[in-house]
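Trainee: Sharing a structure with you now.
Just so it is clear, none of the values below were taken in a lab; they were calculated from the coordinates. In this text the structure is predicted, and so the values were computed from the model without any measurement. Cβ placement follows ideal geometry from the backbone for every residue including glycine, while neighbour counts extend to all protein chains displayed.
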Amino acid sequence: MSSLAKCSIPIPIPIFVANILIELTSPLSAAELGIEGRLGPFLASGAPEKPLARVALRWEESESSLAPRGDLIYDPGSIWRMYRAGPDFYAVPTYQREGRAAQVQGVLRANPGWDDLTLTEQRAGAQWQSMLNVGAGELILRTAILFTGGLVFHSSGLDDNGKGIVFIGRSGAGKSTQVGLWGQEPGVTAMNDDRIAVRVEARGPMCYGTPWGGTTNIAGNHAAPLAALIVLEQAPENDIQRLSPSASAPLLLARAFLPYWDRALMQRAMANLNALLARVPVYRLRCRPEPEVVSLVRSVL
C-alpha cells in the first residue's frame, strides 16, 4: 500500500487513556509526531500494572500517495470513511485545505479486536502533526473501549469531591458552561468539556477524561467514580428529573460515538449501554446558565 521510510530502532511511546494502554511504536519521538501537546498528560512514564486492555499501535511513514484498501462500508459524509479488506478495517481520514481538494493524509488499519493497529501517514510541512492528535486517536479510543465495557459520549465531565458527573448534550446545550459553573466550587476538578469515556468496572462505574477537549480545550487525565449521567437542555426555568432506562437509552445513544460500520461492534456498544443504565442514574436537566444549577444537581446525588 505504501513505500515506507527506513528508520532506526523504534521508540516505544506508552499512552494511557481511560485505563487502556496504547503501546505506540514509532521511529519518531512524541515531539517529532507532534503529539506532546495534546497527548502529553496521557503519556505514561511507565507501563501501568493492570490496564484493562493493551493496544499495539505501529506508526509508519509513507513516501508515496496513500489510498484506501478494500470495500467502502461506512461513509458518514464528513471527514473520514471506513473500508474493509478481509477481516481488517481501514479508516481513512481526509482533510480539506482551503483551495485544495480533500486528500488522504493517513490510513489506520485495525484488526477485528482493535488491539493490533497500524497508522500510516505522510508528513508534510513544518507544522505537521500526526492524526493521533485528532480523528485517528479518537477513533482508536472510541472503538477499543468497546471491548472493555466502555463508551465515549459527546459530553463534559467533572469530579465533584469524589463524585463523577457527566453532562451529555448536543453542541450548544451548555456542556462547557456547566464545567465553568462548577469550576468555581471547592473540591471540583474539570475532566473534559467535550469527550468523556465511561464504563462499568469491577470497582463500579467510572468516568475518564480524554485528550480531546472542546472550545475551552479542557482535557485532563483524570478519573472518578461515576455518580450520574445528566442530559442537558436549555430552558427558562431550572428543573431536574430522573429518567427511566427506557427513556434514557435513546437520548444517550444520540450522543454516543457508535461503530455503525460493524454489526458485532454495535452489539458490544448496546450491551455496554445496558450495563451502564443498570448501574448509573440518568437525569434530564433543564436549566439556565446560572450557579444555582450546582446545588440543584447536588440535591439528587
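Trainee: Can you pull out the GluC sites (Glu not before Pro) in the stretch 197-301 that DSSP calls coil and that have at most 10 other Cβ atoms within 10 Å?
Mentor: On the way: sites: Glu201, Glu233, Glu237, Glu292; in loops: Glu237.
Hits after loop and neighbour filter: Glu237.
Trainee: Let me ask something else. Residue farthest toward the positive end of the dipole of the stretch 11-147, with Cβ of Lys/Arg at +1 and Asp/Glu at -1: which of Tyr83, Met131, Ala67?
Mentor: Tyr83
Trainee: Let me see the P(r) profile for the stretch 151-298: every Cα-Cα distance counted, bins of 5 Å, each bin given as a percent of all pairs.
Mentor: In whole percents, the pair-distance histogram is 2, 10, 21, 25, 22, 13, 5, 2, 0.
Trainee: Nearest 5 percent is fine: what portion of the DSSP beta bridges confined to the chain is antiparallel?
Mentor: Numbers: 59 of 82 bridges.
Of the beta bridges lying entirely in the chain, close to 70 percent run antiparallel.
Trainee: Scale the Cα Rg of the stretch 153-239 by the rule-of-thumb value 2.2 N^0.38 Å and send over the ratio, two decimals. Provide the component values of the computation, followed by the final result.
Mentor: Values: Rg = 12.0 Å, N = 87, 2.2 N^0.38 = 12.0 Å.
That ratio works out to 1.00.
Trainee: Between Ser29 and Ala202, what length in nm is gained on full extension when 0.36 nm per residue of separation is reduced by their alpha carbon distance?
Mentor: On the way: separation 173, 0.36 × 173 = 62.28 nm, distance 3.51 nm.
Stretched fully, the Ser29-Ala202 segment lengthens by 58.8 nm.
Trainee: Based on the alpha carbons, how large is the Rg to Rh ratio for the chain when Rh follows Kirkwood?
Mentor: Ratio of gyration radius to Kirkwood radius: 0.98.
Trainee: If you build the convex hull over the alpha carbons only and average its shadow over all orientations, what do you get for the stretch 11-147? Give it in nm² to one decimal.
Mentor: Details: hull surface 34.8 nm².
Orientation-averaged projected area of the Cα hull: 8.7 nm².
Trainee: Distance from a point 7 Å along Cα→Cβ of Ser65 to each backbone N in the stretch 113-130: keep the residues under 19 Å and list them by number.
Mentor: The answer is 120-125, whose backbone nitrogens lie closer than 19 Å to the label point.
Trainee: In percent, what relative contact order does the stretch 151-298 have, based on Cα pairs under 8 Å that are 6 or more apart in sequence?
Mentor: Reported as a whole number, the value is 28 percent.
Trainee: Could you work out how far helix 263-279 tilts from the main Cα principal axis of the chain, as a 0 to 90 degree angle to the nearest 10?
Mentor: It works out to around 30 degrees.
Trainee: If you take the beta carbon distance between Ser171 and Gln267 as r and set R0 to 22 Å, what does 1/(1 + (r/R0)^6) give as a FRET efficiency, to the nearest 0.05?
Mentor: Working: r = 28 Å, r/R0 = 1.28.
Between Ser171 and Gln267 the formula returns 0.20.
Trainee: Which of Ile11, Ile140, Ile230 moves most in a GNM of the chain, Cα contacts under 10 Å?
Mentor: For the chain, modelled as a Gaussian network with Cα springs under 10 Å, the answer is Ile11.
Trainee: Percent relative contact order of the stretch 81-233, based on C-alpha pairs within less than 8 angstrom and at least six residues apart?
Mentor: This gives 17 percent for the stretch 81-233.
Trainee: Right, next: Could you check the simple spin-label distance between Ser246 and Thr215, using points 7 Å along Cα→Cβ, in nm with one decimal?
Mentor: 3.7 nm
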